[in-house]
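Engineer: Please find one structure pasted underneath; my questions will follow.
The values are calculated or read from the model by the stated rules, or taken from the named source; none is laboratory data. Just so we're clear, the structure is a prediction, and the values are computed from it rather than from any experiment. Cβ placement follows ideal geometry from the backbone for every residue including glycine, while neighbour counts extend to all protein chains displayed.
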Amino acid sequence: MATYRPNVAAILRNPKTGKILVGERIDHKKSWQFPQGGVDKREDLISALYREVEEEIGVPRDLYTLVECRTDYRYKFPAGHLKKGKYCGQIQTYFLCDYHGTDKDFDLDAHVREFSQLKWIKPKKFRLWWVPRFKREVFRRVLRDFFGVTHLPETKPTKKKKLAKKASESVR
């Protein structure tokens with residue numbers, strides 16, 4: 001029987017600016033997400049969080065403080081795909097963490113490299129087109145639940161829309 005794989009995700013926030021950290025996946029260019037990963041057998045959620053953050057971005061746990069935790073975000077993999085032959089999707093727990101280090105503390109090669117680059121953004125600047133369609137509802141809920149963001153663009157603006165916006169801005 002297929003089940004949901006337990007997963008944790010870290011939203012690192014700069015407490016001075018309110019910006020959050022996202023990483024561009026190395027295997028999917030222009031796809032941005034939070035550091036995250038599966039919970040190992042016999043591992044609790046907080047231990048999984050500390051391990052995943054250190055593996056994915058090289059940040060030890062003493063450089064961030066847990067602020068808030070929310071759970072029961074779930075998505076199914078598309079087209080009946082099973083991860084590891086038994087998981088039909090993931091059930092995620094998100095941790096909001098205040099980051100106290102600097103950008104020099106990041107080490108994307110601490111383990112197997114998963115991100116090509118990192119950047120800090122305001123939560124309202126997250127774009128749903130950065131993630132696969134099957135994950136978008138989770139990101140929509142996470143950004144609403146943690147930051148009160150209620151409108152996130154789902155599609156990338158076309159050149160026509162960009163030109164129209166630029167023209168309207170130049171009139172002001």
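Engineer: Kindly indicate which of 8, 67, 22 is more than 16 Å from residue 111 (Cβ to Cβ), outside any helix (DSSP H, G or I), under 16 Å from the mean Cα position of the chain (by Cα) and not polar (S, T, N, Q).
Structural biologist: 22
Engineer: May I pose another question? Sort through 56, 68 and tell me the only one that's among the acidic types (Asp, Glu) and farther than 22 Å from residue 144 by Cβ.
Structural biologist: Matching residue, one of 56, 68: 56.
Engineer: Would you confirm, using the coordinates I've provided, whether residue 138 is free of Cβ contacts under 8 Å to residues at least 60 places away in the same chain and at negative phi?
Structural biologist: no
Engineer: For the stretch 25-37, does any single residue satisfy the condition of being small (Gly, Ala, Ser), more than 14 Å from the chain's Cα centre (by Cα) and not in a helix (DSSP H, G or I)?
Structural biologist: No.
Engineer: Inspect all residues belonging to the stretch 2-17 and state whether any of them is within 27 Å of residue 124 (Cβ to Cβ), among the basic types (Lys, Arg), modelled with pLDDT of 95 or more and touching a Leu at 6+ places or on another chain (Cβ under 8 Å).
Structural biologist: There is at least one residue in the stretch 2-17 that is within 27 Å of residue 124 (Cβ to Cβ), among the basic types (Lys, Arg), modelled with pLDDT of 95 or more and touching a Leu at 6+ places or on another chain (Cβ under 8 Å).
Engineer: Residues that are more than 20 Å from residue 26 (Cα to Cα), in contact (Cβ under 8 Å) with a residue 40 or more places away in the chain and either touching a Leu at 6+ places or on another chain (Cβ under 7 Å) or crowded, with 16+ Cβ neighbours inside 10 Å (or both): does the stretch 107-116 have at least one?
Structural biologist: no
Engineer: Working carefully through the options 98, 62, 107, find the one that is part of a loop (DSSP other than H, G, I, E, B) and modelled with pLDDT of 95 or more.
Structural biologist: Exactly one of 98, 62, 107 is part of a loop (DSSP other than H, G, I, E, B) and modelled with pLDDT of 95 or more, namely 107.
Engineer: Evaluate the following for residue 61: is it touching a helix residue (DSSP H, G or I) at 6+ places or on another chain (Cβ under 6 Å) and either touching a residue at least 12 places away in the same chain (Cβ under 8 Å) or loosely packed, with under 14 Cβ neighbours inside 10 Å (or both)?
Structural biologist: No, not satisfied.
Engineer: How many residues does the stretch 56-99 hold that are of a type outside the set (Phe, Trp, Tyr) and more than 16 Å from residue 6 (Cβ to Cβ)?
Structural biologist: Total meeting the criteria: 20.
Engineer: Starting from residues that are aliphatic (A, V, I, L, M) and loosely packed, with under 15 Cβ neighbours inside 10 Å, keep the ones in the stretch 67-92 and report whichever is modelled with the highest pLDDT.
Structural biologist: Only one residue tops the list, namely 67.
Engineer: Name every residue in the stretch 77-103 that is among the hydroxyl-bearing types (Ser, Thr, Tyr) and in contact (Cβ under 8 Å) with a residue 12 or more places away in the chain, in order of residue number.
Structural biologist: 87, 93, 94, 99
Conditions (1) charged (D, E, K, R); (2) modelled with pLDDT of 95 or more, marked per residue:
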residue: 115; (1), (2): no, yes
residue: 139; (1), (2): no, yes
residue: 144; (1), (2): yes, yes
residue: 158; (1), (2): no, no
